[in-house]
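Structure first, then comments.
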Amino acid sequence: MSSEPPPGPQQPDDDPFRKQPPPAEGSGSPYNTPPPPPPSYGGSPYGAGDPYGGGPTDPLAGMPPLAPSGRRTLARIIDLILVGIVVWLITWGFGVSEYNVDSDDMQYGKSLAQSALAAVLYIAYDTVLMSRSGQTLGKKWLGMRVANLDNGSTPSVQTTLIRSAVLWIPFAFCCACIWTAISGGWSYFDKPYKQGLHDKAAKTVVVTV
């Protein structure tokens, strides 16, 4: 008798968005015939490989289309309003916004407390929701999700934390709407992935659902 233990059950891939390998050739299905190659227009827009060292293969192959930048902006405005309401309610409940003193130190402390609370809530909101499904409420309502650039899967907690921190820490403590416009507005001009600066830091893209 063999002393080797029987093979254990294979673990299923629990992320339905992860790109799957193509079916094996010769299975007899009429749908396994590969489509004809697209016409060449003087070279691939990815050059010798994608910007993150993934080789000559297009990392977007097999993913849904990239989300329009205008729709991304609208989803971000929705998220800003939702979390902004929570920030206002908390600061109002604790009386942070009701200090009427002439001390510069008190005003600075009030502003710092509000900024810290906003940063924590915005980062937590993005990180928790996107690490579960790739979607904030704004993105879910408008039919988009965040995906890893390399394989299309839902980003991990670490990835979404990096993405959220790059977007929200400058927003809360210094530049507010200016930084949001720069970081998010970058996707209007970025090619070929339509990434904001926070997407580039986390190596993610936003695709349609």
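Applying the Karplus relation 6.51 cos²θ - 1.76 cosθ + 1.60 with θ = phi - 60° to the range 144-155 yields 3J(HN,Hα) values of 9, 8, 8, 9, 5, 5, 6, 9, x, 7, 5, x Hz, where x marks Gly and Pro. Coordinate range of the alpha-carbon atoms in the range 124-190 per principal axis, descending: 31, 26, 25 Å. Other residues within the sphere of radius under 11 Å centred on the Cβ of Asp199, judged by their own Cβ, net out at +4 (K and R +1, D and E -1).
A short reminder: the numbers here are calculations on the coordinates, not readings from a lab. Because the structure is a prediction, the values reported are computed rather than measured. Using ideal geometry, Cβ is built from the backbone for each residue, glycine included, and neighbour counts are taken over all protein chains shown.
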